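Peer 1: Below you will find the structure I want to go over with you.
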Amino acid sequence: MAALPILVILFYLFTPSEQVWSHLAATVLPGYITNSLVLMISVGAGTLVLGTGTAWLVTMTSFAGRRFFEWALIMPLAIPAYVIAFTYTGLLEYSGPVQMVLRDFFGWHSSADYWFPRIRSLPGAAIMMVLVFYPYVYMLARAAFLEQSVSVLDAARTLGRSARGTFFHIALPLARPAIVGGLALALMETLNDFGTVEFFAVDTFVTGIYRTWLNLGEPETAAQLGAILMLFVLALVLLERWSRKSKVSHTIGTYKNLPRYRLSRFKATAAGVFCMTPVFFGFLVPVAAMVVWTVQSREYLDTTFARMAATSISLSGITALAAVSVAVILAYGQRLAPAKGNFLAVRVATMGYALPGAVIALGIIIPFTFVDNLVDSLARQYFNHATGLILTGTWAALIFACVVRFLAVSFNTVESSMARVTPAMDGVSRTLGMSAARTLMRVHGPIMRPSLLTAAVLVFVDVMKELPATFMMRPFGLHTLAIRSYELASDGLIRESSGSSLAIVCAGIIPVIILSLMISGSRPGNKTRKPEPL
């Protein structure tokens, strides 16, 4: 069932209609491809520079504020891309505070008197995504730098390599698999983004799927676009897998304390400014603006807001519980029967995170609509009674889509936790007469409780932020905080949307703190050595 969306979209990929393809190729397809590629290249370059550079500085150098930046650089991950897009539009638009201050200071009277860059554009969308997606590269790059062998770095110094030479010729190549993995995640999020590109009027595959399906009423054509988008995702997955094959082992059984370069005053200042830039523009500025606007528009925090918040919490909580339960079943089943067929089935079931939410929604709604129509026609024929929509447009379909989308998040956490339970404990439990199910509940359960909670929190927050899948599959009349924020911003009520956006950000801070703590303690013997002069 988890593979259902993938199979549906692949069906349309291998059964193209010449009429559909010719229409797409002559009209919107070139623009979708161009904009998507430009976004991927721009976001990829920006996240690569910011993520890798800041990770190296906070891991291998010593400067004022380094400990603050270790966790602060992850904070922008708590802000969805569409939220930061709404916020900066409110700040930088013609009626926003920035241009108003400029007009008052210079005596300008209208937009004809000066030029100001348009935030709602393709470059603007790329900048917004870089500010919130670079932590993917930062987290994995920093973890890779923390895992590197000090002996290799010391050998580079002995051979006369400077700090710059050690970074480019030793540390960076060794960390390449992790960096490419983080880059692939950032680019997948770029392809998945709907709120930012739709709000900025940038035509990509996701906006094309939405318009073709809901506005034009052509799900088959939308599926064709989804199939093309899957090819982009497949290329990213293959790139990430290729980077893993090229990994070189550079760790030893014992760990030494990491050495740090002590920067000169000028270089330390430059490092602090470089690290502060994404934190300031990616977290502090938008959060401060949202707080101010929420206070100014507090009348929008009424019973409707409370009801939407309750809906978001209910949807996220049910999905988190379902995703963790399914993940436990998959991980434990794979542990009991580690056959190749089971391994392959589990990997297929957890592929949803690599697919955009719009593609998953489309891959679910098409077969669900077919089943609903079939059941309704049979009920009319044999019982003279119309059943209506049983699956389509229900909570069950929406929860199923969210579980498929985020199952990999919970499974990876559960699988790594279960791997730490030695097989000997299973054997002792079975020797004492416990069944496999009781062993899972009485032995694995207590040991895995912290990881299960972590997995549930991660899925909970991801569902809170999810916009494409919930927007396209929601039951009639259902509104979440993400949908409310998007709809208010689309109507020009950016300040009024800040309350919903701020609530999403507050929920997103929880896993960010968890991730920061996990990364900081990922290296045994992580007490740092005395900094060495650069």
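Peer 1: Return the pairs, sorted by first residue and then second, in which the second residue is among the hydroxyl-bearing types (Ser, Thr, Tyr), the first residue lies in the range 409-426 and is outside any helix (DSSP H, G or I), the beta carbons are less than 9 Å apart, and the residues are 6+ apart or on different chains.
Peer 2: The qualifying pairs are ARG420/SER451.
Peer 1: Given (1) of a type outside the set (Asp, Glu); (2) modelled with pLDDT of 75 or more; (3) in a helix (DSSP H, G or I); (4) surrounded by 14 or more Cβ atoms within 10 Å (Cβ to Cβ), identify the lone condition not met by VAL202.
Peer 2: Looking at each condition in turn, VAL202 falls short on (3).
Peer 1: From (1) over 12 Å from VAL328 (Cα atoms); (2) surrounded by 14 or more Cβ atoms within 10 Å (Cβ to Cβ); (3) at pLDDT below 80, pick out the condition that doesn't hold for SER451.
Peer 2: (1)
Peer 1: Kindly evaluate PHE133 against the criterion of being over 25 Å from GLY492 (Cα atoms), aromatic (Phe, Trp, Tyr), at pLDDT 90 or above and not assigned by TED's automatic domain parsing to the domain that holds GLU487.
Peer 2: Yes.
Peer 1: Hey, can you tell me all the residues within the range 344-387 that are crowded, with 22+ Cβ neighbours inside 10 Å, in contact with a Lys or Arg (Cβ under 7 Å, 6 or more places away or on another chain) and either at pLDDT 90 or above or not hydrophobic (A, V, I, L, M, F, W, C) (or both)?
Peer 2: If the condition is that a residue be crowded, with 22+ Cβ neighbours inside 10 Å, in contact with a Lys or Arg (Cβ under 7 Å, 6 or more places away or on another chain) and either at pLDDT 90 or above or not hydrophobic (A, V, I, L, M, F, W, C) (or both), then GLY352, GLY357 are the ones that fit.
Peer 1: May I pose another question? Give the range 60-101 a look and list any residue that's part of a loop (DSSP other than H, G, I, E, B), under 18 Å from ALA125 (Cα atoms) and among the hydroxyl-bearing types (Ser, Thr, Tyr), or say none.
Peer 2: Within the range 60-101, TYR94 is the sole residue that qualifies.
Peer 1: Here's a follow-up. Tell me, which residue of the range 410-436 that is crowded, with 18+ Cβ neighbours inside 10 Å and over 30 Å from ASP462 (Cβ atoms) is modelled with the lowest pLDDT?
Peer 2: Going through the qualifying residues, I end up with ASP426.
Peer 1: Which numbered condition in (1) touching a Lys or Arg at 6+ places or on another chain (Cβ under 7 Å); (2) modelled with pLDDT of 80 or more is the only one that MET473 fails?
Peer 2: With respect to (1) touching a Lys or Arg at 6+ places or on another chain (Cβ under 7 Å); (2) modelled with pLDDT of 80 or more, MET473 is out only on (1).
The values are calculated or read from the model by the stated rules, or taken from the named source; none is laboratory data. These numbers were taken from a predicted model, which means no experiment stands behind them. Quick reminder, even Gly has a Cβ in these numbers, built from the backbone with ideal geometry, and neighbours come from all protein chains shown.
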